[in-house]
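Every number here is computed from the coordinates shown, using simple stated rules; none is lab data. Quick caveat, the model's predicted, so the values are computed rather than measured. Counting neighbours? That spans all protein chains shown, and the Cβs are built from the backbone with ideal geometry, glycine included.
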Amino acid sequence: MSNSAKGSQKANWARRPLSARMLEYAMNDTHYLLPLAERFEAQLKQCDRLDWLRQSCERAVEQAAVERVAR
């Protein structure tokens, strides 16, 4: 992924139409990140750690919600 495409990471994704750079960034996400996530999930299953990851993610989401309400 080029550095210019990485610049879209913090862009305002609510604005339409998406720029060519943002479209490239989104396509690269689906091209690279989805297969990577599948490999990561397979490795976690092999190590019997998938439930651990899910529980950790649930705690992180719950904590973020608590922090958002506290503001």
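Once R0 is set to 35 Å, what does the formula 1/(1 + (r/R0)^6) return for the Cβ-Cβ distance between Gln63 and Ala20, expressed as a FRET efficiency to the nearest 0.05?
According to the calculation, E is roughly 0.40.
Which chymotrypsin sites (Phe, Trp or Tyr not before Pro) in the chain sit in a loop by DSSP (not H, G, I, E or B) and have at most 12 other Cβ atoms within 10 Å of their own Cβ?
Qualifying residues, ordered by number: Trp13.
For P(r) over Cα pairs in 5 Å bins from 0, in percent, the listed values are (i) 3, 14, 14, 13, 14, 18, 17, 6, 1; (ii) 3, 15, 24, 29, 20, 8, 1; (iii) 3, 13, 19, 22, 20, 12, 7, 2, 1, 0; which was obtained by calculation from the structure presented?
(i)
Of Leu18, Leu34, Leu50, which is the most mobile in a GNM of the chain whose springs link Cα atoms less than 10 angstrom apart?
In the Gaussian network model the winner is Leu18.
Report, in deg cm²/dmol and to the nearest 500, the calculated mean residue ellipticity at 222 nm for the chain, where each DSSP H run with n ≥ 4 adds -39500 (n - 2.57) and the sum is divided by the residue count.
The per-residue figure over the chain is -20500 deg cm²/dmol.
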